[in-house]
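Just so it is clear, none of the values below were taken in a lab; they were calculated from the coordinates. These figures come from a predicted structure and were not determined experimentally. Because the Cβ atoms are built from the backbone with ideal geometry, glycine has one as well, and the counts that use them run over all protein chains shown.
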Amino acid sequence: MAVRQRFVRRRCARVASGAGVLAFALLLTACAGAAPSSGAGSAGQTAAADGAASEAAAAGDGRDLSQGGSCVDGENVVIAAAGSTAVVDGPCGTVTIAGADFAGNIDSAETVEISGPNASVLGAEWGEVRVLAEGATLNVDSVQRLVTEAAATHLTNVSAGELVVEGDGATINGGEVGRLILDANDATALLTRIGETLEVRGDRNTVNWNEGVEKPAVDTGADNVYTR
């Protein structure tokens, strides 16, 4: 009977020992399985961060000159910061003024696009200009073509080959244009010369000029006033 009891105790000890080894093995397996899961999560977070950084880098078109500087070899540049007072020397390619309340000088550029509101810009020689945000004030010596789609654009002493106004409430004070096209309402234009054509397709516009065309080639609006 004593022999049988020792055998039973040894057998139970071996079973208990085997159960401990099995539990330890299962624990190691669980830990090993957890590591790849953590790695996959980190990789996903890294990929998301990289994607966000790529989107941020692609948001602008060119080098940021919010602090001012010079364009190199006609490069494209961006004024991204709000309240910038940058002076940018040209010649530049495309200058994008994206920050609000810009007040500075863009010397010369092939293209200027204003998408930040309340910009006040001086310039010497620009090619194509597009105003997309309201409240812009421009004083530029020479522009090939300027299109404003925004309300309350103010132009001072601008000499333009073609000036297209599509936003209401524009004021044009001084300068001369080849072609003046008003597709808007409540504009006021005081010009020294309109050289080629005057077309008006809005209401309550006032145009005063000294030389050039005798009268509008097109007037499809109402309550417009012309003085030459």
Residue check for Thr197: surrounded by fewer than 22 Cβ atoms within 10 Å (Cβ to Cβ), in contact with a Gly (Cβ under 9 Å, 6 or more places away or on another chain) and closer than 18 Å to Asn139 by Cα: no
Identify all residues within region 205-228 that are of a type outside the set (S, T, N, Q) and surrounded by 15 or more Cβ atoms within 10 Å (Cβ to Cβ); write none if there are none. Val207, Trp209, Gly212, Val213, Pro216, Asp219, Gly221, Tyr226
Going through region 90-110 in order, the residues found to be out of contact with any Gly (no Cβ under 6 Å at 6 or more places or on another chain) and among the polar types (S, T, N, Q) are Thr94, Thr96, Asn105
Any residue in region 154-174 that is in contact with a Ser or Thr (Cβ under 9 Å, 6 or more places away or on another chain), exposed (fewer than 15 other Cβ atoms within 10 Å of the Cβ) and either among the hydroxyl-bearing types (Ser, Thr, Tyr) or on the phi > 0 side of the Ramachandran plot (or both)? yes
If you go through Thr171, Thr137, the only one that is more than 22 Å from the chain's Cα centre (by Cα), among the β-branched types (Val, Ile, Thr) and under 21 Å from Phe102 (Cα atoms) is Thr171
